[in-house]
Amino acid sequence: MSKVVIVGCGNVGMSYAFSLVTTKNKVDELVLIDVLKDKAVGEAMDLTHATTYNSNRIKVRAGEYEECNDADIVCICAGRNQEVGETRRDLINKNCKVYKSIIDEINKTQFNGIYLIATNPLDVMTYITKKLSNFPAEKVIGSGTVLDTARLRCLIGDKLSISPKNIHAYVIGEHGDSEFVPWSNAIIGLNKATDYLNDDDCSKLLYDVRNSAYDIINKKGNTSYGIGMCLTKITNAILEDSNEIMTISAYNDEHDIYFGMPAIVGKSGIKKVLPLDLSKEEQDRLNKSIDCITDTINQIKV
């Protein structure tokens, strides 16, 4: 029996929950926790009705933190939303206080599964979770640049009329404004992506990926569906022990931070972070991204 607990019943948490109950996966139980208890109950009722026509009848209910005792995954989606004109980094002190209250409660339980983090600023909140929980680094996973990578492949696919499934390009670094694409490692089919894309194309694609969230927030107020599906993808990799390569936010011991890098994900969490052969320019960009995350961590006031 596989059990997932979602902390935070906002747009992201419920998009993730809806994705779980309407797609094929190995989740048997889904528990919702929120400070607004009636909202959690209402969401659980609504999601239960949504399982009626799905062959995967997940048991959904609202609960308290003791539900974490035997959970395989606890996904924290709680926190303040990114407002119009606000960067992910602007959220830092607001959400650190929220996370401290949540993880203090989870620390009182026997939870020994995998933490999955979805709150912005993503890499910093994943780092905070590791520090507050004292969990092994491999058992604390941030959604990283999985969504950014999905956006990149979608945009390349639209431009070239090629299925995103045949595009192997990644966004790495911070899930934020300093993220970048190591084009030297990008492959389309069996060819280098740069065989299809010139420098202007690559610059435009990166710009569009970086600004996708801002554009969506300006138009609808939040981003939710994309990250909901990405969290489901990470969940499936863990529960199915599929050893899938994804650009999750993983711990880097050298810098004592988390950032997005291709990594093998399975039942034990992060099994291995894959090394990348970066050009000097790409390494400089990664170093800049690392500095941005480090600077944000230094701003924390909890």
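Please treat every number below as a calculation from the coordinates, not as lab data. Since the model is a prediction, treat every value here as computed from it, not as a measurement. Positions of Cβ are backbone-derived with ideal geometry, glycine not excepted, and every protein chain shown enters the neighbour counts.
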**Prompt:** Considering the range 138-164 alone, what residues qualify as being out of contact with any His (no Cβ under 7 Å at 6 or more places or on another chain) and under 22 Å from Ile114 (Cα atoms)?
**Reply:** Glu138, Lys139, Val140, Ile141, Gly142, Ser143, Val146, Leu147
**Fill in**
Selection from the range 265-279 of residues of a type outside the set (Asp, Glu) and assigned to a loop (DSSP other than H, G, I, E, B) yields Lys267, Ser268, Leu274, Pro275, Leu276, Leu278, Ser279
**Request:** Mind listing whichever residues of the range 245-302 are over 20 Å from the mean Cα position of the chain (by Cα) and of a type in the set (Lys, Arg)?
**Result:** Lys280, Arg285, Lys288, Lys301
**Request:** Within the range 140-159, identify whether any single residue is touching a residue at least 60 places away in the same chain (Cβ under 8 Å), surrounded by fewer than 20 Cβ atoms within 10 Å (Cβ to Cβ) and in a loop (DSSP other than H, G, I, E, B), and answer yes or no.
**Result:** no
**Request:** Within the range 280-296, identify whether any single residue is touching a helix residue (DSSP H, G or I) at 6+ places or on another chain (Cβ under 6 Å) and outside any helix (DSSP H, G or I), and answer yes or no.
**Result:** no
**Item:** Members of the range 221-264 that are over 13 Å from Asp148 (Cβ atoms), part of a helix (DSSP H, G or I) and not hydroxyl-bearing (Ser, Thr, Tyr)
**Value:** Gly228, Met229, Leu231, Lys233, Ile234, Asn236, Ala237, Ile238, Leu239
